Amino acid sequence: MTTPRVRIAPSPTGDPHVGTAYVALFNRAWAKSQGGKFLLRIDDTDRTRYQESSEQQIFDALRWLGLDWDEGPDIGGPHAPYRQSERQEFYLEKIGELLENGSAYRCFCTQERLSALREQQNANKERLGYDGHCRDLASDQTAARAAAGETHVVRLRVPSEGSTIFRDELRGEIEIQNAEIDDQVLFKSDGFPTYHLANVVDDIAFGITEVVRAEEWLISTPKHVLLYRGFGQTCPRFFHVPLLRNQDKSKISKRKNPVSLNWFREQGYLPEALLNFLALMGWASPSGEEVFDIAHFQEHFRLEQISLGAPVFDLEKLDWVNGQHLRKLSADELFDRLEREKMLPDGIDRAGLSTILPVVMERLHRLTDVREKTSWFFGEPDEYKAEALTPPKSELSAVPATLQAAMAAVATVVDWNLTAIETALEGVIASLGLKKPQLFMPLRIALTGRKDSPGIFEVMEVLGRDRSLLRLEAARALAAGETRG
Ligand code: GLU
């Protein structure tokens, strides 16, 4: 087998898209696992949709994910340039070749004629597409008209009979009737190639062995196959990866899902977790685990194993996967990540984080949760009203005595540890004849201001006796109406 050379070819048309990372992940893993090369090409021939800041954002987002490339516009490589807007001379040369051998022809149809044609096809419920008006013009005449500066495009000459057959490695043989394939514009009147021409010219020039890309391009592949033939080249192997889907199975879109890689970063997802999640969308580990790192993925992944099911993008699952990866970090590593992502909440220090982390770890899903889940430890409890202290099936008026008893009990604890705190508080429950929630609920609010805090004993242990007592006293005074909440 030849050593793989694979690529992604994002278009810089907006925020870096999660689909780009998805396809990059598969391409790169394949290249790495086979000792091949992973290339990044920037497809920027569509000047109407071009956005200047987009390219750098694509680089940054992919690097954040660790999906770095072996050849690309910013690092160069043996086939530079890797930006299509800088490869104009190649496309001009190659379109000349196709015109020469008859695989393409010049078309002088005006916009008006094409619009009228479309309207007519619509009205007659016919297949939309070019009607071949300029197909049979003599090539020396069309060359002369072009040389005289007449506006024109260049189109692919699709055979009028027969069919085009190609293989998609995930789907098998695909046969398309040539009558169904449009005489695609290859070169536009603005002097830029279309995606189809530029893509095939570059994939040939870069020696691409496998084209692994989103399923939406499957429909264009017969045109590409005809182009490879026009250039007298064999096709690469094609793998069309199922699109990520919204819950309703439509193609993932920003109306229904976050799609910008910037968003995932800002939300506090870890790059390794996002990659893990994306890998799960199209692949299952042979050993069955759902949480793995990129090294595991790279070792076991084969292109042929990409599954064809429509993968639904499920943010809850991503939260779960992210939580699993967060749990693998030590307190120091977590601190570093928070710092690097500029998400380190004020007042958090390394020592404090390592104290509190075991207590809150199970509750963290994203880096951004750290602030909220630890605020009661690094700062004061969340603000609460006296009523919030009211225990289930009881009255606020009972709270001061309950808290008083709790304070007295914990004040006598000799060794401040989990078991001792538990014993002391169990004693309060027994002596006051309470149900557990009748003590723990007001304690929880008093100590953290939150209904969803970690276990009370853990909370008290990490807060220490003095801070715990101060908070209980403040709550008691509030419940007794001595202060205002
Ligand atoms: N520029 C295309 C895109 O944005 C590349 C498609 C391909 O990989 O051929 O997805």
Open item on the list: I'd like to know if segment 122-134 contains one or more residues that are of a type in the set (A, V, I, L, M, F, W, C) and over 27 Å from Thr13 (Cβ atoms).
Closed with: yes
- [ ] Tell me which residues, restricted to segment 342-368, are surrounded by fewer than 18 Cβ atoms within 10 Å (Cβ to Cβ) and part of a helix (DSSP H, G or I).
- [x] Arg350, Ala351, Gly352, Ser354, Thr355, Pro358, Met361, Glu362, Arg363
Open item on the list: Considering only residues that are among the small types (Gly, Ala, Ser) and not in a helix (DSSP H, G or I), which ones fall in segment 433-483?
Closed with: Gly433, Gly449, Ser453, Gly455, Gly464, Ala480, Gly481
Open item on the list: When you scan segment 3-15, do you find a residue that is within 11 Å of the ligand (Cβ to nearest atom), closer than 14 Å to Gln298 by Cα and buried (at least 22 other Cβ atoms within 10 Å of the Cβ), even just one?
Closed with: no
Task: Residue list for segment 200-210, filter: on the phi < 0 side of the Ramachandran plot, in contact with a His (Cβ under 9 Å, 6 or more places away or on another chain) and away from the ligand (no atom under 11 Å from the Cβ) - done: Ala205, Phe206
- [ ] Would you mention how many residues in segment 80-96 are touching a strand residue (DSSP E or B) at 6+ places or on another chain (Cβ under 7 Å) and not polar (S, T, N, Q)?
- [x] 4
- [ ] Check segment 93-101 and report whether any residue there is closer than 16 Å to Ala205 by Cα, in contact (Cβ under 8 Å) with a residue 60 or more places away in the chain and among the aliphatic types (A, V, I, L, M).
- [x] yes
TODO: Within segment 27-42, count every residue that is more than 10 Å from the ligand (Cβ to nearest atom), in a loop (DSSP other than H, G, I, E, B) and closer than 15 Å to Val211 by Cβ.
DONE: 1
Task: Candidates Arg213, Arg245, filtered to the one that is more than 16 Å from the ligand (Cβ to nearest atom), on the phi < 0 side of the Ramachandran plot and in contact (Cβ under 8 Å) with a residue 40 or more places away in the chain - done: Arg245
Open item on the list: Need the failing condition index for Ala24 against (1) in a loop (DSSP other than H, G, I, E, B); (2) without any contact (Cβ under 8 Å) to a residue 60 or more places away in the chain; (3) within 12 Å of the ligand (Cβ to nearest atom); (4) surrounded by 14 or more Cβ atoms within 10 Å (Cβ to Cβ), just the number.
Closed with: (1)
Task: When residues of segment 216-238 are limited to those that are part of a helix (DSSP H, G or I) and farther than 17 Å from Ser163 by Cβ, the one nearest to the ligand (Cβ to nearest atom) - done: Trp217
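Only the coordinates and a few stated rules stand behind these numbers; no lab work does. All figures in this text were calculated on a predicted structure; none of them were measured in a lab. Methodologically, a virtual Cβ is constructed for each residue, glycine included, from the backbone with ideal geometry; neighbour enumeration extends over all protein chains shown.
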